[in-house]
1. Spot the failing condition for LEU139; the list is (1) more than 22 Å from GLY60 (Cα to Cα); (2) out of contact with any His (no Cβ under 8 Å at 6 or more places or on another chain), and only one is missed.
2. Any idea how many residues of region 98-145 are touching a Cys at 6+ places or on another chain (Cβ under 7 Å) and polar (S, T, N, Q)?
3. Among all residue pairs at least 6 apart or on different chains, which show Cβ distances below 8 Å where the first residue, located in region 4-19, is without any contact (Cβ under 8 Å) to a residue 24 or more places away in the chain and the second is among the charged types (D, E, K, R)?
4. Does region 99-117 contain any residue that is under 20 Å from SER160 (Cα atoms) and surrounded by 18 or more Cβ atoms within 10 Å (Cβ to Cβ)?
5. So ALA143 fits all but one of (1) outside any loop (DSSP other than H, G, I, E, B); (2) at pLDDT below 95; what number is the exception?
6. For region 118-144, give me the residue count where each residue is buried (at least 19 other Cβ atoms within 10 Å of the Cβ), in contact (Cβ under 8 Å) with a residue 40 or more places away in the chain and among the small types (Gly, Ala, Ser).
7. Restricting attention to region 208-218, does a residue exist that is of a type outside the set (Ser, Thr, Tyr), buried (at least 19 other Cβ atoms within 10 Å of the Cβ), within 17 Å of PHE140 (Cα to Cα) and assigned by TED's automatic domain parsing to the domain that holds SER146?
8. Can you name the residue in region 151-178 that is β-branched (Val, Ile, Thr) and either touching a residue at least 40 places away in the same chain (Cβ under 8 Å) or in contact with a strand residue (DSSP E or B) (Cβ under 7 Å, 6 or more places away or on another chain) (or both) and is also nearest to PRO59 (Cα to Cα) among such residues?
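The values are calculated or read from the model by the stated rules, or taken from the named source; none is laboratory data. Being a predicted model, the structure only gives us computed values, none of them experimental. When we count neighbours, we look across all protein chains shown, and the Cβ atoms used for this are built from the backbone with ideal geometry, even at glycine.
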Amino acid sequence: MLLIVNGNVVTRDSAQPFIENGAILVDGKTIKEVGDTNALRSKYPEAECIDAKGKLVMPGLINTHMHYYSTFARGISLGGKPATTFGEVLAGLWWRLDKKLTLEDVYYSCVGPMIDEVRSGVTSVIDHHASPFAVEGSLFKIAEASKLFGIRSNLCYEVSDRDGEQIAEAGIKENADFAKYCKDQDDDMVKSLFGLHAQMTVGEKTLKHCLDAAAGAGIGFHSCNIKTLEDDPVCPLVLGSSCCVGGTPKKEPASCCSIASCCSIMCDKVNNGPLCIKRIGYVANRIAFLAGYIH
């Protein structure tokens, strides 16, 4: 057993939210006990100790939407006219970068940011990946890196029609293959979601293929939901979040134009049972519609 001692412990327990000079007892993957340092040292004299030296000890932070590959753009000089719209940012930077990635690049794109995550107290991440000319095996490369650093990871490939039907189908297959791998591994440190890019690059046919594949894999969706003024100057109510509880959808206030939000749609069964969706946008509405929950 491992005992972290002499820490200022944030417990998230309303009865005792903070323990000054606190300690945490860890047994394998389980936090067994939290309390006063002197008390736990006396109770577990054989435990290996790590001295926190008065530093803050708290539950790990969760990064709910990450693009590891995008960290390759740190400090990059693109030249030319600065982008003024989201579409220009995509075409001028991200879609130029992701097309250059190899599987080796995918792995090493994770190393720098994962070191940053460990240093910053981030212990869990959802990564939304894209490498259109190195799709097959890309999620497995990210999982390989996450195991090296001990980052709890939920990974998905962002399916998109922007590079053609063949690459879109490859993205669907990568999501399904990785989901099967995670199910077989049964490792709570590496799990899968089904990724979708923003709504302006995903057609109805591809969405239907994604629904079928996700239902077969038994996983939910993760998507970047953005609808900007360049996509639709009217910015209709369909931008609003949809909250579907017990199969009965209801509308929430519409989102603001030009603001992106990222979401995960978690459900046990996509085509059988209530689909619970909260604080998500247009793509999620389309998924729910195709699954028969919004009419």
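1. Of (1) more than 22 Å from GLY60 (Cα to Cα); (2) out of contact with any His (no Cβ under 8 Å at 6 or more places or on another chain), only one is false for LEU139: (2).
2. Qualifying residue count for the region: 0.
3. Filtered contacts from region 4-19: ILE19/ASP36.
4. Looking for residues that are under 20 Å from SER160 (Cα atoms) and surrounded by 18 or more Cβ atoms within 10 Å (Cβ to Cβ), one finds at least one in region 99-117, hence yes.
5. All conditions are met except number (2).
6. 3
7. Scanning region 208-218 turns up at least one residue that is of a type outside the set (Ser, Thr, Tyr), buried (at least 19 other Cβ atoms within 10 Å of the Cβ), within 17 Å of PHE140 (Cα to Cα) and assigned by TED's automatic domain parsing to the domain that holds SER146.
8. This residue is ILE151.
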